[in-house]
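Enquirer: Sharing a structure with you now.
The values are calculated or read from the model by the stated rules, or taken from the named source; none is laboratory data. Note that the structure is a prediction, hence the values are computed from the model and not measured. Methodologically, a virtual Cβ is constructed for each residue, glycine included, from the backbone with ideal geometry; neighbour enumeration extends over all protein chains shown. Protein only, heavy atoms only, side chains kept; ligands, DNA and RNA dropped before computing areas. Shrake-Rupley method; radii C 1.70, N 1.55, O 1.52, S 1.80 Å.
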Number of protein chains: 2
Amino acid sequence: MRVHQQVTLSLEGAFKAADLPPLVWHDVLIELAHAPDHRLRPVELGSVLQMAQYNLSRLLDRMVDAGLVVRAPCQDKRGHWIVLTASGLKRQKEMYGVYVRVLMQDMGAHLGEDSARKLARQLGKVLSQPEA
Amino acid sequence: MRVHQQVTLSLEGAFKAADLPPLVWHDVLIELAHAPDHRLRPVELGSVLQMAQYNLSRLLDRMVDAGLVVRAPCQDKRGHWIVLTASGLKRQKEMYGVYVRVLMQDMGAHLGEDSARKLARQLGKVLSQPEA
DNA sequence: CACCTGTTGATGCACCCGCATCAACCTTGT
DNA sequence: ACAAGGTTGATGCGGGTGCATCAACAGGTG
């Protein structure tokens, strides 16, 4: 928990310093960037990110306002597609750069290549929903 | 991060189900329980818990309202002592029980004794502020 | 078709967090 | 003693989170 807090604070600080949105925005953006046609349903995002539905709904509102994603109609008329825009993809790459840099500094500097791999494997054993 | 979220959600859920306050309350309570005379200055709590000052201030307000701690005057008249009450200590023990039970279920079930120890050691290497 | 159930997503409300700021007090130097 | 600077803690305000609830739609059954 302490490690998580430390890394999280460092990441959020770096994003803020670079005038970028918070970490959750990156989680959403990267999922969309990896999705076919750069689009996903809110419910899919929610299940992947393990994120509360009402919370995601309002986060997407903000991201639409910021022009990073758009809502588009889809077959199931209850919902819609969340589609990554060009500036959304650009923002995702900016954030990913900061993300990698911070993790390298904060974790990579303290762990060797194989230590990191072992750590990831140990942590993976605890996940109820196996990693992608 | 996924492990942290999973465990955190599980813990908060267990606390809520047992009609207990959130996890941060336990962090404060256990620090007080281990402190000499069951009392600490807010600034000490803040530095141990790596918690923002304004945030801690209001958390303590709520804990005072709940009767788990009291504010008592101290030499340095800028601040005061935060003193654990009897019902605060009782609550801490209740929360600790749930805490241990959940961690055993969520992590202990997936890791052997030595795996857990290795994991803790690897994680410890990343901490900028070495553990107590 | 009409109906019932389950799913998807949005929203009002209360609460919590982050930021900036302030008041009160300690400490140090002169 | 006094002024200047640092430390400790509280608070107004905007924004984010959790809970409960609701509207809209899908899918299956009589």
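Enquirer: How tilted is helix B:23-34 with respect to the longest principal axis of chain B? Cα atoms for both, answer in degrees (0 to 90, nearest 10).
Expert: The angle comes out near 70 degrees.
Enquirer: Would you tell me the mean number of C-beta atoms belonging to other protein chains that fall within 10 Å of each C-beta in A:57-69, as a whole number?
Expert: The mean count of partner-chain Cβ atoms within 10 Å per residue comes to 0.
Enquirer: How far is it, in nm, from the label point at B:Q50 to the one at B:A120 when both lie 7 Å from their Cα along the line to the Cβ?
Expert: In this crude spin-label approximation the distance works out to 1.7 nm.
Enquirer: Against the 2.2 N^0.38 Å scaling, with N counting residues, where does the protein assembly as shown land? I'd like the Cα-based Rg ratio to two decimal places.
Expert: 1.17
Enquirer: List the residues, sorted by chain then number, that are 5 or more residues from B:W81 or on another chain and whose placed amide H is less than 5 Å from its amide H.
Expert: B:A72, B:C74
Enquirer: Using a Förster radius of 41 Å, what is the FRET efficiency between A:A86 and A:E113 based on their Cβ-Cβ separation? Nearest 0.05, please.
Expert: Efficiency at R0 = 41 Å is approximately 0.70.
Enquirer: Another one. When the Kirkwood hydrodynamic radius is evaluated over all pairs of different C-alpha atoms of chain A, what value in angstrom, to one decimal, is obtained?
Expert: 16.2 Å is the Kirkwood radius here.
Enquirer: Another question, if that's okay. Enter the Cα centre distance for the pair the stretch B:1-61 and the stretch A:1-73, rounded to the nearest angstrom.
Expert: Comparing the Cα centres of the stretch B:1-61 and the stretch A:1-73, I get a distance of 27 Å.
Enquirer: If Lys and Arg each add +1 and Asp and Glu each add -1, what is the summed charge of the other residues whose beta carbon sits under 13 Å from the beta carbon of A:M95?
Expert: Neighbourhood net charge equals 0.
Enquirer: Hand me the tally of lysine pairs in the protein assembly as shown: alpha carbons under 29 angstrom apart, and the pair either on different chains or 8 or more positions apart.
Expert: 12
Enquirer: Keeping every protein chain in place, order B:Y96, A:Y54, A:Y99 by accessible area at 1.4 Å, biggest value first, i.e. largest first.
Expert: Largest accessible area first, the list is A:Y54, B:Y96, A:Y99.
Enquirer: Note the distances from A:R101 to each other copy's matching label point, with points 7 Å along the Cα-to-beta-carbon direction, in nm, sorted shortest first.
Expert: List, nearest first: 4.7 nm.
Enquirer: Additional query: Ballpark to the nearest 100 Å², how much total accessible area do B and A bury together, probe 1.4 Å?
Expert: Chain pair B/A: roughly 2500 Å² of buried accessible area.
Enquirer: Leaving out ligands, DNA and RNA, and with a 1.4 Å probe, what % of the accessible surface on the protein assembly as shown is carbon or sulfur?
Expert: 55 percent
Enquirer: From the label point of A:H4, set 7 Å along Cα to the beta carbon, how far off in nm is each other copy's matching point, shortest first?
Expert: 0.7
Enquirer: Using a loss threshold of 30 Å², tell me which positions in the stretch B:1-38 are less accessible in the complex than in their chain alone. Probe radius 1.4 Å, ligands and nucleic acids ignored.
Expert: Flagged in the stretch B:1-38: B:M1, B:R2, B:V3, B:H4, B:Q5, B:Q6.
Enquirer: Also, quick follow-up: Specify the angular offset, from 0 to 90 degrees and rounded to the nearest 10, of the alpha carbon long axis of helix B:2-17 from the longest principal axis of the alpha carbons in chain B.
Expert: Approximately 60 degrees, to the nearest ten.
Enquirer: Here's another thing I want to ask about it. Please compute the per residue accessible area over chain A with all protein chains in place, 1.4 Å probe, rounded to a whole number of Å².
Expert: That works out to 60 Å² for each residue.
Enquirer: Continuing with this model, one more query. If you average 1/r over every pair of different alpha-carbon atoms in the stretch A:1-50 and take one over that average, what Kirkwood value in Å do you get?
Expert: 12.2 Å is the Kirkwood radius here.
Enquirer: I would also like to ask the following. Along the axis that rotates chain B into chain A, which residue of chain B has the nearest beta-carbon, and what is the gap in whole Å?
Expert: B:H4, 2
Enquirer: On C-alpha positions alone, give me the angle between the axis of helix B:53-65 and the longest principal axis of chain B, in degrees, nearest 10.
Expert: 80 degrees
Enquirer: Additional query: In the neighborhood of B:P22, defined by Cβ-to-Cβ distances under 9 Å, what is the net charge if each Lys or Arg adds +1 and each Asp or Glu adds -1?
Expert: In short, 0.
Enquirer: Another question, then. Distance from a point 7 Å along Cα→Cβ of A:A18 to each backbone N in the stretch A:52-95: keep the residues under 18 Å and list them by number.
Expert: It comes to A:68, A:87-95, nothing else.
Enquirer: Could you give the size of the charge dipole of the stretch B:93-132 about its Cα centre, using +1 on the Cβ of each K and R and -1 on the Cβ of each D and E, expressed in debye and rounded to the nearest 20?
Expert: For the stretch B:93-132, the charge dipole is close to 120 debye.
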